[in-house]
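Visitor: Provided herewith is a single structure, encoded as structure tokens, for subsequent inquiry.
We did not get these values from a lab; they are worked out from the coordinates using the rules stated. Note that the structure is predicted; figures quoted are calculated from it, not measured. Please note: Cβ atoms are built from the backbone with ideal geometry, for glycine as well, and neighbour counts cover all protein chains shown.
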Amino acid sequence: MSDATRRPLYVVDTNVFMDWQFRYYPTDIFPSLLSRVDSLANERRFCAPELVEEELRKVGTPELSRWADDHSAIWVPNAAVLAATLTIQSRFPGLLDPKAEYDEADAYVIALAQLRDGIVVTQETSASEKRRPARPLYIPDVCRELGVHCITLQGLMRREGWRL
């Protein structure tokens, strides 16, 4: 299968789940989005490191936790990407939030996409697009430096040709 016809793997950041099911695209208003994401998950084209699931459990809704339970196959063990994650964190220390109280998923998401030739899906914007960035680097900045394709949730919808 050529690169042009290869069906991409999407590696998803925590904020995408939050925006999708809680903030902007709640499943009671956008039920077709839920079925389309489920299809991607069933095709093994939608995944995230376990650390994203851990973050969802801390900040997500009960509905999102139930969805996570029902889609256990999308969660990739953190250990599977740890070496690549540590390389990213050491090369880009500005990606880490100095005020974070727990391990952050950002480098894990990028590492997983790197290892599986996937596309990062995040709602983060580049540090240069922010008025007062809290840190010097965000996921899009590191992806750009590493040559990892990075899109938003809307970008995923466009790539897949979804009309909701």
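Visitor: How high is the relative contact order of region 39-107, given as a whole-number percent (alpha carbon pairs under 8 Å, six or more residues apart)?
Guide: Worked out over region 39-107, it gives 37 percent.
Visitor: With charges set only on the Cβ (+1 for Lys and Arg, -1 for Asp and Glu), what does the dipole of the chain come to about its Cα centre, in debye to the nearest 20?
Guide: Charge dipole of the chain: 540 debye, to the nearest 20.
Visitor: Then there's this: Can you give me the relative contact order of region 10-160 as a percent, contacts being Cα pairs under 8 Å and 6 or more apart?
Guide: 28 percent
Visitor: For the chain, just list the percent of Cα-Cα distances falling in each 5 Å bin from zero outward, please.
Guide: 1, 9, 18, 23, 22, 15, 9, 3, 0
Visitor: Continuing with the same structure: What's the extension gain from residue 149 to residue 126 if we count 0.36 nm per residue and subtract their Cα-Cα distance?
Guide: My answer for the length gained is 6.9 nm.
Visitor: Along the positive direction of the dipole of region 77-164 (beta-carbon charges: Lys, Arg +1; Asp, Glu -1; about the Cα centre), which of 138, 156, 100 reaches farthest?
Guide: Going by the Cα projections, it comes out as 156.
Visitor: Also, I was wondering about something else. Between residue 69 and residue 134, take the C-beta separation as r, use R0 = 30 Å, and let me know the FRET efficiency to the nearest 0.05. Before the final figure, lay out the partial values.
Guide: Details: r = 32 Å, r/R0 = 1.06.
E between residue 69 and residue 134, to the nearest 0.05, is 0.40.
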